[in-house]
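A quick write-up on the structure given underneath.
The values are calculated or read from the model by the stated rules, or taken from the named source; none is laboratory data. None of these values were measured; they are calculated from a predicted model. FYI the Cβ positions are ideal-geometry reconstructions off the backbone, even for glycines, and counts take in every protein chain you see.
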Amino acid sequence: MLSDRIEYTILSNLFYKEDYARKVLPFLKEDYFVERSEQIIFNTVFDFITKYNNIPTKDSILIEVNNRKDINDTEHTKIKEYIVAVENKETDEQWLLDTTEKWCKDRAVHNAVLSGIKILDGKDKKQTPEAIPSILSDALAVSFDNHVGHDYIEDAEARYDWYHTKEKRFKFDLEYMNRITKGGVPAKTLNIALAGTGVGKSLFMCHMASNFLTEGQNVLYITLEMAEERIAERIDANLLDVSMDDLHVMPKDLYDNKMKKISDKTYGKLIIKEYPTASAHSGHFKALIDELSLKKSFKPDVIFIDYLNICASSRFKGGNVGSYFYIKAIAEELRGLAVEFNVPIFSATQTTRTGFTSSDIGLEDTSESFGLPATADFMFALISNEELEQLGQMKVKQLKNRYNDPSVNRSFILGVDRAKMRLYDVGQSAQNIVDSNQQKVETKEVAYDKFSDFKV
């Protein structure tokens with residue numbers, strides 16, 4: 001019987017329940033319906049509501065169907081019988097919404113699986129197998145969003161409560177980084193380090209990953225440049241307080257002892273995942289997060305992606321669009337990932353050739369895409385030169401800051417221990433030197449060791 005099918009229930013309620021129709025129509029798709037007759041009815045109802053901003057009557061749909069030239073007599077008879085049979089039955093509204101949402105999700109997944117098979121069989125000439133994770137992720141993400149926006153007057157009380165709720169922030173172990181971000185970065189943000197080759201993009205992110213791990217956060221580190229073992233090596237050097245060279249001659253019992261101290265001091269986890277350069281995009285990262293949740297019960301609190309320029313875009317195939325749109329698309333997709341999973345994302349980007357050789361860096365030195373700074377919430381340059389390198393220091397310059405006034409502490413100095421892959425605060429004497437035109441720092445500052453508890 002028609003009434004036993006969920007498709008009939010959905011279509012019949014589009015005729016009689018305006019609130020229901022307006023909530024579900026944006027999420028319904030023609031290819032969710034298997035029967036051609038139901039596809040035609042859905043399309044006709046959809047077109048009517050779109051054009052006239054009102055739900056149709058059975059008579060109006062019958063007339064619209066009669067005017068179509070692509071329906072044969074048999075189909076016309078079947079559609080007419082279907083529409084005549086449509087009834088207005090009392091149904092629990094929430095049950096109807098929940099059931100429709102589940103049906104949409106099930107049909108989306110079913111269609112995604114079929115699309116994946118078609119791609120693998122070589123029958124889809126427009127998409128490659130790399131698109132399959134994104135197709136499946138989009139299908140799994142199907143859900144009804146019933147939030148219609150913030151009512152300025154009615155939601156005033158809730159807004160006041162929000163003003164007085166302390167926002168969770170992910171705190172740095174570096175004084176000036178906390179100063180310029182008002183205590184750390186919030187979730188749902190994209191934070192970008194800009195630097196030339198070899199200056200310290202990966203060093204910065206490995207240090208920050210180590211920091212957040214010691215603070216008890218779950219850290220996901222995605223690398224598209226170096227092997228997983230190389231990233232782990234840098235984090236080992238940072239947390240174990242030894243140079244990378246010494247790691248390779250350290251006795252096993254000493255290494256085990258140091259690792260146990262780290263394990264005992266933090267309840268956070270660190271997962272490092274490697275992808276080949278330019279092979280992975282936000283769709284792959286979504287699938288990875290879902291897999292980690294399923295297999296390891298791991299939900300990241302913060303994500304590092306090393307680095308943005310060598311990611312792929314889920315929307316554009318490499319080489320098909322200009323670099324401006326391509327890099328901007330990647331940034332937008334990563335920020336969307338941050339919002340979806342309620343985490344801050346840290347990544348990095350390469351400077352232009354001019355920026356690489358400069359003792360100062362600006363937004364104009366962003367490699368390939370000026371659209372990147374427009375998308376990022378927080379963007380800063382890591383600057384090194386021969387003088388700073390000799391002093392064991394690097395300059396940090398704010399480029400964009402949605403958390404604070406970027407003109408305050410525009411530039412500042414951090415200490416660098418490249419052997420141990422660490423950054424550290426330096427004294428005020430160093431902070432007086434924030435560009436190459438000012439006086440030199442005479443002495444190296446001593447690092448404050450926040451990892452002393454981990455030492456053996």
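When each of Arg36, Arg68 is tested for being of a type in the set (D, E, K, R), within 26 Å of Ile135 (Cβ to Cβ) and touching a residue at least 12 places away in the same chain (Cβ under 8 Å), the lone residue that passes is Arg36. For region 252-306, the set of residues classified as surrounded by 15 or more Cβ atoms within 10 Å (Cβ to Cβ), outside any loop (DSSP other than H, G, I, E, B) and among the polar types (S, T, N, Q) consists of Ser282 only. Output yes when any residue across region 80-88 is under 37 Å from the mean Cα position of the chain (by Cα) and either touching a residue at least 12 places away in the same chain (Cβ under 8 Å) or not in a loop (DSSP other than H, G, I, E, B) (or both), and no when none is. No: zero hits. What number goes with the only condition from (1) closer than 18 Å to Asp417 by Cα; (2) under 31 Å from the mean Cα position of the chain (by Cα) that Met226 does not pass? Every listed condition holds for Met226 apart from (1). In region 143-195, the residue that is surrounded by the fewest Cβ atoms within 10 Å (Cβ to Cβ) out of those that are in contact with a strand residue (DSSP E or B) (Cβ under 7 Å, 6 or more places away or on another chain) and of a type in the set (Phe, Trp, Tyr) is Tyr176. Say whether the condition of being closer than 19 Å to Thr214 by Cα and in the same structural domain as Ala209 (by TED's automatic domain parsing) is met by at least one residue in region 244-255. Yes, some residue in region 244-255 is closer than 19 Å to Thr214 by Cα and in the same structural domain as Ala209 (by TED's automatic domain parsing).
Going through (1) touching a residue at least 12 places away in the same chain (Cβ under 8 Å); (2) not assigned by TED's automatic domain parsing to the domain that holds Val109 one by one, Ile135 falls short only on (2). Filtering region 130-169 to residues that are of a type in the set (Ser, Thr, Tyr) and in a loop (DSSP other than H, G, I, E, B) leaves Ser143, Tyr152, Thr165.
Looking at Glu332, is it more than 24 Å from the chain's Cα centre (by Cα), modelled with pLDDT of 85 or more, surrounded by fewer than 24 Cβ atoms within 10 Å (Cβ to Cβ) and not in a loop (DSSP other than H, G, I, E, B)? No; evaluated as a whole, the condition is false for this residue.
For the residues Trp103, Trp95, the requirement of being of a type in the set (Phe, Trp, Tyr) and farther than 19 Å from Ile41 by Cα singles out Trp95.
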